[in-house]
Amino acid sequence: MIGSAGESGLTSVTAGEASAEAAKPLPEPIVSDMPLLRIEGVAKSFGNFRAVDRLSLDIRAGEFFALLGPSGCGKTTLLRLLAGFEAPDEGRILLGGNDIAQVLPHERPVNMMFQNYALFPHLSVRDNIAFGLKRAGMARADIKTRVAEMVALVKLEGLERRKPDQLSGGQRQRVALARSLARRPQVLLLDEPLAALDKKLRESTQAELMELQRRLGMTFIIVTHDQEEAMTMAGRIGVMDAGRLVQVATPRNLYEAPATRWIAEFVGDINLFNGQVVGREHSRLAVATSDAGTLAVSELWPPVTKEIVSVAIRPEKVKLSRRAPASDEGASHMINRLEGVVVDVNYLGGITTYKVKLESGALVRSSMANTARLDVDAYLAGQRVVAWFTADDCLVLEQ
Amino acid sequence: MSARRIFARPARLAAVAPYLWMVLFFLVPFGFVLKISLSQTAIAQPPYTPVFDVTEGRQALTAALAQLSFDNFKLLVSDDLYILSYLRSLTVAVTSTLILLLIGYPIAYGMARLPQRWQGIAMMLVIVPFWTSFLIRIYAWINILQHDGLLNQILLTLHIVSAPVVWLSTDSAMYLGIVYSYLPFMILPLYATLSRMDASVLEAASDLGASPRQAFWLVTFPLSLPGVAAGALLCFIPIVGEFVIPDLLAGSNSLMIGQTLWLEFFTNKDWPVASAAAVALLLLLVPPLVLYDRLQRRQLEGGR
Amino acid sequence: MAVGRITRFNMTSLALGLAFLYLPIVILIIYSFNASRLVNVWGGWSLRWYHEFFGDRAMLDAAWMSLSVGAVSATLATLLGTLAAIGLARGERFRGRALFSGMLYSPLVMPEVISGLSLLLLFVALNAERGFWTVTIAHTTLTMCFVTVVVQSRLTSLDRSLEEAAMDLGCDPLRAFLLVTLPQIVTAIVAGWMLAFILSLDDVVIASFTTGPGSATLPIRIYSEVRLGVKPEINAICTLVIGLIAVIIVIASFASKLSSTRGESAAPF
Ligand SMILES: Nc1ncnc2c1ncn2[C@@H]1O[C@H](COP(=O)(O)OP(=O)(O)OP(=O)(O)O)[C@@H](O)[C@H]1O
Ligand SMILES: [Mg+2]
């Protein structure tokens, strides 16, 4: 393997992102040492438009990998490149060490579950599942047992003779899954497989997919729009923007240590304060912001090199209180306090979100868990409060 | 190679045979029509000169070219018969297309507003006559319209007329026959656009204060214009060259261009003049044909 | 469009339109069973004119000629038209595409006198003997365009991810087409064949140009009889043709129903 990054648990991203990638403070779980699938500098243009732009990525055997990104960023195109429906303009796609970039789709040990399921309307459930096995020249008896096994796996017993148009949306989705799993592909590609399902069904299917993937030991690459879904299912998440991978990380690292300001805003909610580094003491920075005064921020590896930065803090890490909490000087948890007025309260069941207007006019978002049934702790619009957060919870993002 | 491109190559190979067929039996024949329209009438078999033989080579070709003449076209523009039949063809086609629109639109509109399960049946009912022979349908009308035919019998028994009316061999009979034969061609494209129209568009119009009549003229009708164009072209172009209907139903004092062509060809055996008439007719039809080709392509290929 | 109230206007225009379309045919069929020689005097029910037809050698020959031209040309047209539709619907852009589609779409509206005349001139130039084959070729040329339109519109409406899924599951393009695409366009192909057959059975003008002496088709016969006036025997022949067409339509619609419910477990694996 040339320059395998598998050992360190890090993934090689395009050169520009490599340093940002190293910013992750938490170690990643290692699935396997060897990359099963290696994408090297793959690019694909439609006319003048670059849908995938020199993208590199390693996927390890047995991994559950999610691709996340805004609409039109090239996720589907990347999957189609892997399945063989598109050929890359440049770069290589290595599967188990062999370049498959020019191999036709029907000769690849990769299967795809289509977003619209693409079930063959003229074939029964059984024939749909058996379709790929027949193409592979499997013996009749083997096909029969494999189909039965697949039907049981996705819990479709009794529906084998139905046609796709006699099935519910969720059942169709299972048939599509069974069909793409039946050939035991080395890599299964799933393009927004759960987008058409309602929330409850989606959640139970997520669990089933994870269970299946673990049981079969297959490699899954899933495209999704739903951040929660990606975080729930995937071991690692790759965030794409404009045809490039901007960060590859575990769900936790992605959320707690986003590599760029764009990712921080794309994944979850965040408060951002622009400012300038004015002081540095031990591993603590003082950042003078125009909106929230001077903030204390813990500096992690690697050191911040730029002067102009943004301080970022997730809403659930911003607490509200009526009076400023006391802080003893020199304590490890240095606390930032911002005084303001509550202007907006949103009760969401499990949590309540608040917007606090600072004297500068800037808004700070805070969300707090509703741990008690009665609202003795709740703040009301118009109330003066102190919003506070620790230096350790802050992130420094370079522009 | 994209998935589409993987399919493109075998698909293009599949098209080779029909391509060659159409070139040989559709395109090349026009070359012959053009050539013969430029040659001279002769009492011979085939009845025209020059008949050039490719095997005689280049010299024969230039000799033949020298013999080509525009006499037939000169005849076309100088003789009243041809000019009049062109004009008549155009008048008949324009009038019939307008009548067809006036009749076809309400029917298509009515069909599109039927409950969903009735629409399929209505559609069937409109298509089936189109499947039954067109000649037979004209013949059916002759049965009804003749001197002692059903229509006159009914009119006489109801004392609406006192003597049998002459229906056959009149322009009214011809228009009736044309409208009858071409009605499905007008209804189907109209119905296709009207039924595709989103119901919420009309609801939005009435929500914004349009009366049903205004909603129709300001929303429905403008949106159905592509269907109107398709239906009108689908009727207009073949009607211009129509032969059988005017021949069977209209009087013989003024002819349509299709009849003139037929007459020159079969009765007068004047192939060059018939060919010249065909070329002139084709030239007349080029603009609507191009328009029609565009519409067809947009519809079948989604503006590819 | 709104599935709104069925207004009286809508209902009336529909009913009148349908009556206009059907009444003449119904009257024709009824009168074909008329015993009287006078076409307009009702003389009671009888099959007399059907007997007459089945004793008329020349008419029977013409009918046989028409049926065989129809069957052969419809089959050829279905083959060529389906191939053309595949080329247009799946060939993407290629050189000569505009010419190809133009050649296929314009015969749909081209006046028949032009098509007939031009084909005749071709056959004369090729020195081909006119008769069965020239009419068959002429009809194939015209009707394959209708088949192309029918099949092409079905092909473009198909979900292309089905073909991709077939390839993903191990089919080369040809197999993907045969196993996944073809079963879905079979009804369109059958409809195309029927349309071609019926159009061929209907044509007077092109057949008049391209046929030779002694091989008239049924419509040519009917046409020359009709020019001379109404004859009861023609009523009977027309009724038979209508009956034949009705049978074809019924069989075809049953076949398409059957294939959509029973499905394609008989698909050739
Ligand atoms: N066949 C094509 N021809 C031209 N442009 C294309 C083609 N396929 C995709 N694109 C363009 O490439 C870009 C990436 O498309 P892609 O389908 O990969 O996006 P995506 O990330 O899957 O988006 P979504 O989340 O909306 O599904 C889009 O801007 C799209 O318009
Ligand atoms: Mg997508």
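The values are calculated or read from the model by the stated rules, or taken from the named source; none is laboratory data. None of the values given here were measured: they were computed from a predicted structure. Neighbour counts run over all protein chains shown; Cβ positions are idealised from the backbone, glycine included.
Table for the structure above
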{"item": "Residue that is within 19 Å of the chain's Cα centre (by Cα) and at the interface with another protein chain (Cβ under 9 Å from one of its Cβ atoms), where the choices are C:L108, C:L117", "result": "C:L108"}
{"item": "Check on B:F265, within 10 Å of chain C (Cβ to nearest Cβ) and at pLDDT 90 or above", "result": "no"}
{"item": "Boolean, C:G192 is outside the structural domain of C:I30 (by TED's automatic domain parsing) and either on the phi > 0 side of the Ramachandran plot or surrounded by 19 or more Cβ atoms within 10 Å (Cβ to Cβ) (or both)", "result": "yes"}
{"item": "C:G102 being within 7 Å of another protein chain (Cβ to nearest Cβ), within 18 Å of B:A14 (Cα to Cα) and surrounded by fewer than 23 Cβ atoms within 10 Å (Cβ to Cβ)", "result": "yes"}
{"item": "Candidate set from segment A:48-71 (those that are outside any strand (DSSP E or B) and within 15 Å of ligand 2 (Cβ to nearest atom)); member that is nearest to the other protein chains (Cβ to nearest Cβ)", "result": "A:S71"}
{"item": "Cross-chain or 6+ apart pairs with Cβ under 7 Å, segment A:191-203 first and in a helix (DSSP H, G or I), then of a type in the set (A, V, I, L, M, F, W, C)", "result": "A:R202/A:L194"}
{"item": "Output for segment A:213-240, where each listed residue is more than 14 Å from ligand 2 (Cβ to nearest atom) and touching a Phe, Trp or Tyr at 6+ places or on another chain (Cβ under 8 Å)", "result": "A:Q213, A:T219, A:F220, A:M231, A:M233, A:A234, A:G235, A:R236, A:I237, A:G238, A:V239"}
{"item": "Cβ-Cβ under 6 Å pairs, at least 6 apart or on other chains, segment A:75-97 side basic (K, R), far side away from ligand 1 (no atom under 16 Å from the Cβ) and at pLDDT 90 or above", "result": "A:R92/A:E40"}
{"item": "Total residues in segment C:108-159, condition modelled with pLDDT of 95 or more and outside any helix (DSSP H, G or I)", "result": "0"}
{"item": "A:R135 being in contact with a His (Cβ under 9 Å, 6 or more places away or on another chain) and either within 16 Å of ligand 2 (Cβ to nearest atom) or within 23 Å of A:R108 (Cα to Cα) (or both)", "result": "yes"}
{"item": "Residue within segment A:67-78 that is near ligand 1 (Cβ under 10 Å from one of its atoms), of a type outside the set (A, V, I, L, M) and more than 22 Å from the chain's Cα centre (by Cα) present", "result": "no"}
{"item": "Options A:L194, A:L190: the member that is modelled with pLDDT of 90 or more, assigned by TED's automatic domain parsing to the domain that holds A:T76 and within 16 Å of ligand 1 (Cβ to nearest atom)", "result": "A:L190"}
{"item": "Search result, residues across segment A:102-134 that are surrounded by fewer than 21 Cβ atoms within 10 Å (Cβ to Cβ) and either closer than 27 Å to A:L78 by Cβ or among the basic types (K, R) (or both)", "result": "A:Q102, A:V103, A:L104, A:H106, A:E107, A:P109, A:Q115, A:N116, A:K134"}
{"item": "From B:L202, B:L158, B:L190, residue being more than 22 Å from B:I103 (Cβ to Cβ) and crowded, with 20+ Cβ neighbours inside 10 Å", "result": "B:L202"}
{"item": "Hits in segment A:299-324 (condition: out of contact with any strand residue (DSSP E or B) (no Cβ under 6 Å at 6 or more places or on another chain) and either modelled with pLDDT under 85 or under 13 Å from A:V356 (Cβ atoms) (or both))", "result": "A:L300, A:W301, A:P302, A:P303, A:T305, A:R322, A:R323"}
{"item": "Single residue of B:G251, B:G258, B:G241, B:G231 found to be more than 14 Å from C:I114 (Cβ to Cβ) and buried (at least 18 other Cβ atoms within 10 Å of the Cβ)", "result": "B:G231"}
{"item": "Segments classed as helices (runs of 4 or more DSSP H), wholly inside segment B:70-150, with at least 2 members that are within 19 Å of the chain's Cα centre (by Cα)", "result": "B:80-112, B:116-131, B:134-145"}
{"item": "Residue in segment A:86-101 that is within 16 Å of ligand 2 (Cβ to nearest atom) and either more than 20 Å from the chain's Cα centre (by Cα) or in the same structural domain as A:L212 (by TED's automatic domain parsing) (or both) present", "result": "yes"}
{"item": "Helices (runs of 4 or more DSSP H) completely within segment C:1-107 that count 3 or more residues being over 24 Å from B:P184 (Cβ atoms)", "result": "C:48-54, C:57-90, C:97-105"}
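Residue-by-condition table, conditions (1) touching an Asp or Glu at 6+ places or on another chain (Cβ under 7 Å); (2) at pLDDT below 80; (3) closer than 23 Å to C:V109 by Cβ:
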site: B:I136; (1), (2), (3): no, no, yes
site: B:N143; (1), (2), (3): no, no, no
site: B:Q146; (1), (2), (3): no, no, no
site: B:N152; (1), (2), (3): no, no, no
site: B:Y175; (1), (2), (3): no, no, yes
site: B:P184; (1), (2), (3): no, no, yes
site: B:D207; (1), (2), (3): no, yes, no
site: B:S211; (1), (2), (3): no, yes, no
